[in-house]
1. Over the protein assembly as shown, how many percent of alpha carbon pairs lie in each 10 Å bin up to the one with the longest distance?
2. If you take each beta carbon of peptide B:76-89 and count the beta carbons of other chains within 10 angstrom, what is the mean?
3. Please count, across the protein assembly as shown, the pairs of lysine residues with Cα atoms under 18 Å apart that sit 8 or more places apart or on different chains.
4. Considering only the other residues whose Cβ falls under 13 Å of the Cβ of A:Ser42, what net charge follows from Lys and Arg at +1 and Asp and Glu at -1?
5. I'd like the mean, over residues of A:199-207, of how many other protein chain beta carbons sit within 10 Å of each residue's own Cβ.
6. Given segment A:237-280, what whole percent of its Cα pairs are spread farther than 15 Å?
7. Plugging the Kirkwood radius over Cα pairs into Stokes-Einstein for segment B:113-213, at a temperature of 10 °C and a viscosity of 1.306 mPa s, what D comes out in µm²/s?
8. At what distance in angstrom do the alpha carbon centres of segment A:176-194 and segment B:84-104 lie from each other?
Amino acid sequence: MRQVHWHIFLVAVLCAATWARSSSARAYHTDKIRLLDSTAYSLPRRDVRVGLMKISYGIIDQLQISTYTMPWLLGLILEEVAPNLELKSTFYDRRRLALSASFGFVEGAYQDALTKTEVRYLLFIAKLASSVRLNSRLRVHIGGQYTGTDFVGDSEPADTDLRGAAVVYLLQLWGMFEWRLSRVVALTLTLRWVPWASDVLVRGEVAIDPNTGATVGINVEFVDLTNAYAIIPGFVFSWKRANIRVGVGYGNFFIEGFGLVAPASALHNISPEFDVFVRF
Amino acid sequence: MLEDFDNPDGTVTAMIMAEVASQIEEAFEDSQSSDFYNEILDVIEATIVWLDQETDEDGNLDLAEEGLGTFRAPSGALAVDHTCTGWGDTETNDPENGTLTLALTLGGGNIGALVWGFADDCKYLVRGLRASYDGDIAVYFGRPVAPSEPIAELESVFAAAGTIGFGGVTASLNEAFRITESGRFDLLIRLRDRTSFIYFFESNNPSVQGIIDVTGTFACNLERRECVKSTGTFSW
């Protein structure tokens, strides 16, 4: 099974490279080459982006398909790859305003070494975004994202009598200000905020006695992520082919794309963002 | 209903007793013979014992070995699904025996005061005789119950609406009763004028009976068909 997933990943990379050869090279910040992350913009038809964090392809001008690379790479390390896909549609893009909707999922599993419990997880992500071009140099992007996370633990029957799951939901809002200083350098200032996060709800099925079973649902006040935020100044450098996005801010660590948030203490209130990618 | 148990507002007279005496006798007989509330209490008790076993000395619900973690003073809910013991000589886990489904809440590690659910043709034996219950159930303990507490010794209010079976005879049941810490059986009787009173039976000696109504507590006897109030005796 792992080999199959690995082959799928390789095929995806090869396809991206093939498409890259067949398209004309594009880069630099222009009116057509626009930031994609945290914006309403998507890749033009048959354009490809291959990066450290994400591989994307423009199916048509209004529809982009992406896969995040980290779940694949982490999956290979954990010996269980995590298929994931995101569809982003820029359904409105006229004059100064663009609007988009995105839907995606990440599905995977890992083995808890301590308990020998296999934990399967599913993230489903829905986003709405808008981008406004104020002038040739300035743009503002705002959006919202809803992320549902479902973890399911499946213990070996011989070891235990419980099968459990945990669910958490997050709503995230963001705003990004973009200032193109030159055709290579764009300054960004991103604000992210979680106005609502559910408690973690843990579900489990237990055997109380031979004739009695129960489904347990427990609300866990694990970490209150409501009002988690980050303010991240950064830069996006865009050369002929290569692009680098780098920023360091203050607050919680937001895992962009998935809409997940790490407690601020996890990285000592440092909230980084980083990506390297090429566009063809 | 709970208010009715605490403050019965009916005034019992000879005429009222003549009307409800047979209902009291039947309800008491049905409840005692079918023993259905003990079946329910057994399932709640088994759940509480399980919770107690899974709770460590610091009060944490410890499900770490099951891969879910340890929960400090957990809040949530339990949906308990019990297969009834059936009418066979030995207990079997057979769906034909019927089921008992109960919902319990968890707050701060304790079971919530109210447990509710339903029985789906739940079959069991009482002193070798076939008994069954099919209908809705609610049990109220008056306060949250810690996993270590013996619930059979706690005061509990039962409300049941369904069909009860015992020894081949079935009867519809729609009653509420309270079992006090001393074991007294308090049957709530609702009157046509929407007032209510309690007819009680002492557990150790069911011949010791009485009424609690808006005027106070006084002794009664269904067999002798009379009640003795401080103002005098009345019979029906």
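1. Using 10 Å bins, I get a P(r) of 4, 15, 19, 16, 12, 11, 10, 7, 4, 1, 0 for the protein assembly as shown.
2. Going residue by residue through B:76-89 and averaging, the value is 4.
3. Numbers: A:Lys32/A:Lys88; A:Lys32/A:Lys240; A:Lys54/A:Lys88; A:Lys54/A:Lys127; A:Lys88/A:Lys127.
Number of lysine pairs found: 5.
4. Value of the local net charge: +4.
5. 4
6. Distances greater than 15 Å cover 51 percent of the Cα pairs.
7. Numbers: Rh = 15.1 Å.
Diffusion coefficient, whole number: 105 µm²/s.
8. Going from one Cα centre to the other spans 65 Å.
No value in this document is a laboratory result; all are computed from the given coordinates. Quantities reported herein were computed from a predicted structural model and do not represent experimental measurements. When we count neighbours, we look across all protein chains shown, and the Cβ atoms used for this are built from the backbone with ideal geometry, even at glycine.
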